[in-house]
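Trainee: Take a look at this one; I'll ask things after.
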Amino acid sequence: MNLPVAVVLAIFLPFFFAILVPYLERIVKHNIGWFSALIGLISFLLLVLISPEIIRGEVIHYSVSWIPSVGVDFGIYVDGLSLLIAFLASGIGFLIMAYSTEYMSHREDLARYYQYILLFMGSMIGMVFASNTIQLFIFWELTSITSFLLIGFWRNKPQSVYGAKKSLILTAGFGGLALLTGILLLRAITGTFDIPTILADESLKVLIKEHDLFLGTLFLIFIGAAAKSAQGPFYIWLPNAMEAPTPVSAFLHSATMVKAGLYLIGRVHPIFSGTEAWLIMVAGTGLVTMVVAGFLALRQTDIKGLLAYSTISQLAYIMAMYGYTTYQDPSLGVVAATYHLLNHATFKATLFLIVGIVAHEAATRDIKKLGGLRKEMPITFVIATIGALSMAGVPPLNGFLSKEMFYEASVDIGASLGQPYNLLIPMIAVIAGVLTFAYSIKIIDGIFLGKRNDEHLPKKVHDPSIIMLGPAAILAFIVVLFGIFPSIPMSFIIEPAVSGIILEDISIYASLWHGFTVELLMTVVTFGLGIIIYKKYDAIANWQDEFNKKHPTFSLNYYYDEIFGNATENAKKISLKFQVGPIRAYLFPIVLIAILSVLFPIIILSVELTPITFNFETPPYELIVFILIITTAVMAAIIPSYLPAVIAVSALGFLIGIVFIFLLAPDLAITQILAETLTTIIFVLVISKVPQTFKEKIPRNILYRDILISLTVASTVFLIMLYATQGIIEPFESVSHYFLEKSILLTGGHNIVNVILVDFRSLDTLGEIVVIFLAALGVYNLLHSRGERK
Amino acid sequence: MNILEHTIVFMIAIPFLVASLMILTRPFPEIQKKLNVLVSIVLLILSVYLFSQVWQNGIIAYDIGDWGKYGIVLVADLLSASMVLLSSIITFLALLFSLDYIDDKSQNTTYHSLYNLLIAGLNGTFLTGDLFNLFVFFEILLIASCGLLIANEKVEITPSSHKMEAVYKYLILNIIATLFMLVAIASLYGTLGTLNMADMALRIGYMNENGTLPWHLIPTALLFIVVFGNKAAIFPLHFWLPDAHPTAPSPISAILSGILIKVGAYGFIRFYYLIFEGNLEIFQPIIIFLGLATIIIGSISAVGQDDIKKVLAYHSIGQIGYVFIGIGMGTVYALAAALIYLINHAISKSMLFLVSGCIVHKIGTRDMRKIGGLSSTEPFLGLMFLVGIMSISGLPPTSGFIAKFVLFDAGISGGFYIPILIAVIFSLFTLFSMFKSWQRIFWGEIKDNIFEKENIHQNSKTMLSSLVIMTVIIFVIGLYAEPLIAITLETAEQILDPQLYIDAIIPGEVR
């Protein structure tokens, strides 16, 4: 098969069948889970098909023009790194869906469940194979949306709603927008969205690092990755995401989706790494997060909560290691990070599946209510122990190896940075390791060892069927296999993936026993301290509880809830400040803009006022009319009862009609007087039905304010009209000359006003007629359709 | 002679004629409905034809009465032709929705007549090449939309008094804004001696070149902010919108939010980029500033609403702000982005208003505090609403993502970092309040007694079909944006070269 076709199929088969799932569900009923798992398996096998090519060190790059106008192609870019994540997405996806067939009750909305999972799987595979940043972003956001939908799968539970919203805001919203902006900045620097182009071009990479926008670009892209991978302050969404069904948590929120951020960090590694900013941001965030999250994990009583914090902490290991790779040996941290990424996916998914089994059988996830289940659930116990010990870094499991490499890389980076980092970084690493060890032991001890908690546990608890045990067992087998024979994952998975990041071929040697080294010493110290901490486990947890009670504001969740929880109330207050109600307040900005439109050019733009000639030669009889106009206008404003005020307004109208006569426009005068008569009659008829005096007394200050505003608006308009009547600017002339010259010739009309109305500008007249018609229709509608309703 | 040469004028004349016909056919309600749908389809086809003509042959000018620039000229350039096409799509789909949604009595009195006049007003506004004629069409738009705003829905949801209050605010504020338009037109006419927009552009261009531009034309031009800003509902001229859009019957809300506020944006582009092209450096920062203020106020206010349609209405304010920063940035790419944003918002927001119409039709309330858990009974509406909010929030694979992407890209590649930063930050608010509303309506416990009301109605197939069509458009643009981007880029280039417009109307004169 053509390799690009296989990749495209692996991406779009899940999408295609996701759309079909609701219809297929009607036919196959609850077996839809097996059908969906099959799709996952097919995707996985398609990827296996292309893997030899990648292991050989080739990359598959193929693209077609998609939105050429803005330089966006649709393409696939397959290298070791993307293939690794895609394997996780499809492989674990298959196992999870198989597991779900038993885990999810047949009464659940299975079609929706598998539909979302398939959509997620397609998005995840599409994301890693995207060959340009925009395409990557599209699939990236799709994984966030599907994650949102899956966290809120049980959508009538308030906690699900809360958790889903939180994850959406932080990953799709905050992280997504930051990432998009970062991508656009990167494009502004490089002129391309195409990832391989940037990766292959050394001069571009130099350009990026020297560019003014470098820091902003890196920061925004890093925020996107950190939000997705629950690092730094963004970690708060992941614990709440545990409201999702457990297989979903295993799949999205430990094995795959949260790895998207790390994938992105790996992808942009060749572009940004080697700079101080990269080290501080990526490694710094990782180091802080791993300790904080590890510490917070101790307090969790819900095993899923514990696993969530442990996931945050473990992802922080990987993040820190990708950040390390700056100086002496660039590949050391990358190898360790990539290996731990793979290992974490295996042992953490195992543990989540175990939690699902325990919750399914024992009907609780509370570690205080569990205990002593080893005899009733022996197989589960064994699998859980493998997973937890691997996480704790116990040999001969795969977690041990990557933990050792983590220590090695930490020592290495510390040494290259010199004092005081040569001690500080390894110490932080060991502390994180100790905490990990402690909570890993807690999982085994709390669920399976000790005394059976008869008070809270059901009478009969037993191992589940093979369907639920199988996937967990397969993953646990991989954990052991990769631990004892590390060369298998190294040469087939890690080497291609690492060479995808550092962009050169690499051969890695790893074995279970690698001599007495500093790392080994650190591991021994870790186990020793871990056991001590484990003895104090409950004391530490209690101290955390106490602290939280005393200082409720010392938490990121507190601020999240302050901002987004009370958002509706706060926003309502703000919006009511603007949306006050009375129309008078809304008129204010209108007139304000009118005033500013004159003041702004004069003051800000300092436009020169052109000189103007005034003409004061007015005959006395005209002057009388103008004085009367002013008088009536003032009267209309100050008379305190309606009827006389209306009369004053209409008097004003008649006087303007007289002005038209002075200006030798009898038609206009007649029109004005007729219109004025009609409106006055209607006005008076209406006004006689309402009380004749104003009830409210306007306070002085408002009165003065309004007078000021009115006068300013009036002068604004006056000023503009004064200049506007200074005549047409040379060399142009008014179109009215044309009307005067041509009206008889072209239209045969002698009355130029009529000719303009019915000939030259007849469309205006028609329009105005329509306005009258419309007003009539509106009134008719109001009267007719409303009269008979209650 | 080819009758299709008159397509431009048909876009106005046909709805005018049909409006009167609708009065005569009142005794036959079914015929009336079918006739109106038929006319809408015809207009849609004609607008496609008009657009394709402009696309192939360049700008088309049509003299009413053959008076040239001395009379009134209708002009179809790519901008106006695409706006007409957009409005034909929205009005057609909203009409389909209306048929089973609007109270029969309302439909039977004046609804269809007013509807046609609104269409005529829209087409006239976009097609006219004469500033005073624009004023006339603005009046038609205003009065027609007022008439439609008070039409009754089948569900009695908004008390008449609320509608009257909303209409009153809408009417008063708009009339006052138009008064300033009259002043500004008088000022322009007094100084330039013409009302033809191309001629105005020609004359102002000449004056700019010779340094004889009188100072008061700048304040005059700024006065148009009041006019177009009020139509577009940008801050601080938006106060009528949060009352008018939610109280209107849903299909009318869809038109008001979808296309009517875009008239303001169109006005800004046409007026400043054609007539005052030489003074753009004064206006562009102001437009960006107003756009940002609008985004901030609109997005924050939207978060605080409990009424579905009010959330949508405030988002219309916020979203029009994004269009304005695109207009203000003024590069080819930015203008194209503004148009894409505008088109996306028209379709997505109309669709959301129609979905909320379906909810209202079924549940009989707009108050989200009384709704909950609708997903279990109305999964289809939930899906449609989700698509709409994804598009408004700019999430892929919808048209909204394309719009946001090109707008931000245009801003960043043009070096407008601060405006884009603000726009990005407030996108988060949009996403938050949109998804929060969706969760409030469709997730959570089913509230008792919502289905017990007497007034519930089933959503008919015609209503749903217009939703489906809009969804398809959203996805088609989202998945294959190339044609739209290519068209808008071409349109933006045409906008930025006013000489093309002038040549089409006044051939042979160079400014």
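Trainee: Assuming R0 = 41 Å, can you tell me the calculated FRET efficiency for the pair A:Ser105 and A:Ser491, based on Cβ-Cβ distance, to the nearest 0.05?
Mentor: The formula returns an efficiency of 0.45 here.
Trainee: Which order do B:Glu30, A:Glu495, A:Glu562 fall in if you start with the one that has the fewest other Cβ atoms within 10 Å?
Mentor: B:Glu30, A:Glu562, A:Glu495
Trainee: Which of the pairs A:Lys157/B:Lys370; A:Lys29/A:Lys157; A:Lys742/B:Lys69 have their Cα atoms more than 19 Å apart in this structure?
Mentor: With Cα atoms farther than 19 Å apart: A:Lys29/A:Lys157.
Trainee: Find how many whole Å separate the alpha carbon centroid of region B:372-412 from the alpha carbon centroid of region B:171-211.
Mentor: A separation of 40 Å, based on Cα centres.
Trainee: Going through region A:443-516, which trypsin sites (Lys or Arg not before Pro) have at most 13 other Cβ atoms within 10 Å and a DSSP loop state?
Mentor: Sites meeting the loop and neighbour criteria: A:Lys451, A:Lys459, A:Lys460.
Trainee: I'd like the mean, over residues of B:176-185, of how many other protein chain beta carbons sit within 10 Å of each residue's own Cβ.
Mentor: Average per residue, whole number: 3.
Trainee: Want the number for A:Ala363 to A:Leu711: 0.36 nm per residue separation, take away the alpha-carbon distance, what's left?
Mentor: Extending this stretch completely gives an extra 117.6 nm.
Trainee: Pairs to check: A:Lys304/A:Lys348; A:Lys304/B:Lys436; A:Lys165/A:Lys549; A:Lys348/A:Lys375; B:Lys262/B:Lys349; B:Lys310/B:Lys362. Give those whose C-alpha atoms are more than 21 Å from each other in this structure.
Mentor: Long pairs (Cα-Cα over 21 Å): A:Lys304/B:Lys436; A:Lys165/A:Lys549; A:Lys348/A:Lys375.
Trainee: Calculated FRET efficiency, A:Leu449 and A:Thr197, Cβ-Cβ r, R0 60 Å, to nearest 0.05? Show your work: numbers first, answer last.
Mentor: Values: r = 56 Å, r/R0 = 0.93.
With a Förster radius of 60 Å, E is 0.60.
Trainee: Just to confirm a number: summing +1 for Lys and Arg and -1 for Asp and Glu over residues other than A:Ala316 whose beta-carbon lies under 15 angstrom from that of A:Ala316, what do you get?
Mentor: +4
Trainee: Taking region A:71-158, which trypsin sites (Lys or Arg not before Pro) meet the DSSP loop condition and have no more than 15 other C-beta atoms within 10 Å? Please report the intermediate quantities before stating the final value.
Mentor: Working: sites: A:Arg107, A:Arg112, A:Arg155; in loops: A:Arg107, A:Arg155.
The qualifying sites are A:Arg107.
Trainee: May I ask for the distance between the Cα centers of region A:272-347 and region A:426-464, given as a whole number of Å?
Mentor: The two parts, judged by their Cα centres, are 22 Å apart.
Trainee: Moving to a separate point now. How far apart, in nm, are two points set 7 Å out from the Cα along the Cα-to-Cβ line at A:Val5 and at B:Glu445?
Mentor: Calculated label separation equals 5.6 nm.
Trainee: Roughly what angle does helix A:537-550 make with the longest principal axis of chain A, taking Cα atoms, 0 to 90 degrees, to the nearest 10?
Mentor: In chain A, helix A:537-550 runs at an angle near 20 degrees to the longest axis.
Trainee: Charges at C-beta only: +1 for Lys and Arg, -1 for Asp and Glu. How large is the resulting dipole of region B:3-505 about its Cα centre, in Debye rounded to 20?
Mentor: Here region B:3-505 has a charge dipole of around 1100 debye.
Trainee: Just want the ordering: A:Glu210, A:Glu768, from fewest to most Cβ atoms lying within 10 Å of their own Cβ. Walk me through the numbers on the way to the answer.
Mentor: Working: A:Glu210 9, A:Glu768 14.
Starting with the residue having the fewest Cβ neighbours, the order is A:Glu210, A:Glu768.
Trainee: Of the trypsin sites (Lys or Arg not before Pro) in region A:350-427, which ones lie in a loop per DSSP and count no more than 12 other C-beta atoms within 10 Å?
Mentor: On the way: sites: A:Arg365, A:Lys368, A:Lys369, A:Arg374, A:Lys375, A:Lys403; in loops: A:Arg365, A:Lys368, A:Lys369, A:Arg374, A:Lys375.
Qualifying residues, ordered by number: A:Lys368, A:Lys375.
Trainee: Taking K and R as +1 and D and E as -1, what net charge do the other residues with C-beta under 11 Å from the C-beta of B:Leu241 add up to?
Mentor: Local charge sum for B:Leu241: +2.
Trainee: Taking the Cα centre of the protein assembly as shown as origin and charging only Cβ (+1 Lys, Arg; -1 Asp, Glu), how large is the dipole, in debye to the nearest 20?
Mentor: Values: 73 positive and 85 negative charges, 912 e Å.
Its charge dipole is roughly 4380 debye.
Trainee: To the nearest whole number, what is the average tally of beta carbon atoms from other chains within 10 Å of the beta carbons of peptide A:64-72?
Mentor: So the per-residue partner count for this stretch is 6.
Trainee: Okay, moving on. Nearest 10 degrees is fine. How inclined is helix B:112-127 to the longest principal axis of chain B, computing both from alpha carbons?
Mentor: 30
Trainee: Report relative contact order for chain A in percent, whole number only (criteria: Cα-Cα under 8 Å, sequence separation at least 6).
Mentor: Contact order relative to length: 9 percent.
Trainee: Something else: Compute for chain B: radius of gyration divided by Kirkwood radius, i.e. Rg/Rh, restricted to C-alpha atoms, rounded to two decimals.
Mentor: 0.96
Trainee: Under the definition of partner shielding as Cβ atoms of other protein chains within 10 Å of a residue Cβ, what is the mean value for peptide B:295-302?
Mentor: Average neighbour count from other chains, rounded to a whole number: 3.
Trainee: I've got another one for you. If you average the C-alpha positions of region A:370-390 and of region A:582-642 separately, how far apart do those two centres end up, in angstrom?
Mentor: One Cα centre to the other: 87 Å.
Trainee: Contour minus end-to-end for A:Val206 and A:Ile661, with contour as 0.36 nm per residue of separation and end-to-end as the Cα-Cα distance?
Mentor: Result: 155.9 nm gained on full extension.
Trainee: Residues with beta-carbon under 15 Å from that of A:Ala89, excluding A:Ala89: net charge, scoring Lys, Arg +1 and Asp, Glu -1? Each step should come with its number before you reach the end.
Mentor: On the way: positive: A:Lys228, A:Lys259, A:Lys348; negative: none.
Result for the local shell: +3.
Trainee: Given a Förster distance of 35 Å, report the FRET efficiency between A:Lys157 and A:Val288 from their Cβ-Cβ distance, rounded to the nearest 0.05.
Mentor: Values: r = 32 Å, r/R0 = 0.93.
Computed FRET efficiency for A:Lys157 and A:Val288 comes out at 0.60.
Trainee: May I have the pair-distance distribution P(r) for region A:273-535, computed from all Cα-Cα distances with 10 Å bins from 0 and rounded to whole percent?
Mentor: P(r) over region A:273-535, rounded to whole percents: 7, 31, 34, 19, 7, 1.
Trainee: Taking neighbour Cβ counts within 10 Å as the exposure measure, how do A:Ile265, A:Ile441, A:Ile134 sort from fewest upward?
Mentor: Ordered from fewest to most neighbouring Cβ atoms within 10 Å, A:Ile265, A:Ile441, A:Ile134 come out as A:Ile441, A:Ile134, A:Ile265.
A short reminder: the numbers here are calculations on the coordinates, not readings from a lab. Bear in mind the structure is a predicted one, so any value in this text is a computation, not a measurement. Every residue, glycine as well, gets a Cβ built from its backbone with ideal geometry; the counts of neighbours run over all protein chains shown.
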